[in-house]
1. Which ³J(HN,Hα) values in Hz, rounded to whole numbers, follow from the phi angles of the range 108-125 under the Karplus curve 6.51 cos²θ - 1.76 cosθ + 1.60, where θ = phi - 60° and Gly and Pro get x?
2. With θ set to phi - 60° and the Karplus curve 6.51 cos²θ - 1.76 cosθ + 1.60, what are the ³J(HN,Hα) couplings of the range 80-92 in order, to the nearest whole Hz, using x for Gly and Pro?
3. Taking amide H positions as placed 1.01 Å from N in the peptide plane, with prolines and chain starts having none, which residues 5 or more places from T84, or on another chain, fall under 5 Å of its amide H?
4. Could you check the spin-label model distance between R37 and D128? Points 7 Å from the Cα along Cα→Cβ, value in nm.
5. Below 23 Å, Cα to Cα, which lysines can K125 reach? Residues fewer than 8 away in the same chain don't count.
6. Given the range 93-165 reduced to its alpha-carbon atoms as identical point scatterers, what log10 I(q)/I(0) does the Debye formula return at q = 0.15, 0.17, 0.23, 0.24 Å⁻¹?
7. Any idea what the relative contact order of the range 93-165 is, in percent, if you count C-alpha pairs under 8 Å spaced at least 6 apart?
8. If I model a spin label at A165 and R59 as a point 7 Å from the Cα along the Cα→Cβ vector, what separation in nanometres do I get?
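Since every read-out is calculated from the coordinates, none of them should be taken as a lab result. Predicted, not measured: the structure shown is a model, and the values here were computed from it. Using ideal geometry, Cβ is built from the backbone for each residue, glycine included, and neighbour counts are taken over all protein chains shown.
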Amino acid sequence: MADGCCCPPTAGNEVCESSVQIAPSRVAALCPHCGRRGKPVEGQTVKAFLAESLRQVRRVEYLFCKTQTCPVVYFSADHVQSFTIAQMRERVFQKEPEADEVFVCYCFRHTVGDIRSATADARVKIVDDINTGIKVEQCACDLRNPQGSCCLGNVNTLIRQLSNAV
Ligand SMILES: [Zn+2]
C-alpha cells in the first residue's frame, strides 16, 4: 500500500536492530488471529507503540496486521506474542479508518476528519505538506506510524475514497 515511499530510514536504534535476521516463513507471516498476511516492521516501531513494558519486546521479527476487524496490531513471526489495539499508545488508522479523530498521517498530524472535511484544494495542500515534510526528512514513520512506513499511500487512498463517495 505505502510501499515505494521515499522516506529515508531514520536514526532509531539501528545497532540494536541489526541483529534481527530472522526471515519470516510464509506461515509465520500470517496473523495468528485473522490469518491474513502481516507486514514486517522494525522492532523500534513495536517499541514506539506499545503502552506496556518494553521488556517483553524480543529480538525477533514482528509483523503488523492491517486487517480492520482484527484486534491484533503486531505479532511475532514465531507466533509466541501478539499485541492488540488495547495495548497500543495510540489509535491505529487501519483498525479505525472511519474515525475522524484518528491520524492517517502520524508525522504531520493529519486526521481522517481533517481530510474528510477538507475541500479538494485543501486536500491537495495536505498531500503537498506531507510530501514537503518527507523531502526535508522531517518524517519519522518508523516511530510515529503504526505500520512503520510512510502514510502517503493511505492518505491518497483515503482521498480517492472520499472523492468517489461524493
Ligand atoms: Zn490480524
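1. Using θ = phi - 60°, the values come out as 10, 6, 9, 8, 4, x, 4, 6, 4, 7, 6, 6, 4, 5, 5, 5, 4, 5 Hz.
2. For the range 80-92, the Karplus curve yields 7, 10, 9, 10, 9, 4, 5, 9, 9, 7, 9, 6, 10 Hz.
3. When sequence neighbours closer than 5 places are left aside, the close amide H contacts are V73.
4. 3.7
5. Counting by Cα, and skipping residues close in sequence, K125 has these lysines nearby: K135.
6. Values, matching the q order: -0.43, -0.56, -1.04, -1.12.
7. Result for the range 93-165 is 29 percent.
8. Using points 7 Å along Cα→Cβ, the separation is 4.5 nm.
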